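The values are calculated or read from the model by the stated rules, or taken from the named source; none is laboratory data. Remember, predicted model here, so these are calculated numbers, not experimental data. Virtual Cβ from ideal backbone geometry, glycine too; neighbours counted across all protein chains shown.
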Amino acid sequence: MLKKILASNPDKTLSDEIALTVFRVTIGLFMAFGHGLGKLPPGEGLINGVTAMGFPAPVLFAWMAGLAEFAGGLLVALGLLTRINSFFAAFTMFVAGFIVHGADPFGTKELSLLYLVAFLVFMIRGGGRYSLDHLIFKKA
């Protein structure tokens, strides 16, 4: 029994798909409700921060960041247009990790970098078998 628990099985398609689904839903919901919801509508602090970074049309970019985190997070959780939503969320996390928190200690930027890596995984892998992408488009 212990050997079965500890042994790696290279052909675990079902368990891989379930693990991807759990990971996708968790990351998407955490992003949406833990980070994105509080940015909609964008407050003055977010807009001023976007202005300070030098982005053109700071109100538009603040809305885009908030929507990438909230709506994009929800859509990633559902597995709908996973790759494109993951791209926008990854871009937002890149900006957060390397620009907003660029000079901060690693512990401050760590969360945005973890989200960045997670969304890069979804950009590469897609939503998986248990996603709306697969249901609608018949591919992960």
Tell me the residue from VAL76, VAL25, VAL59 that is modelled with pLDDT of 95 or more and over 23 Å from HIS101 (Cβ atoms), please. VAL25
Here are GLY66, GLY79: which of them is crowded, with 17+ Cβ neighbours inside 10 Å, within 30 Å of LEU14 (Cβ to Cβ), out of contact with any strand residue (DSSP E or B) (no Cβ under 9 Å at 6 or more places or on another chain) and of a type in the set (Gly, Ala, Ser)? GLY79
Looking at the range 92-110, is at least one residue surrounded by 19 or more Cβ atoms within 10 Å (Cβ to Cβ) and under 30 Å from LYS138 (Cβ atoms)? yes
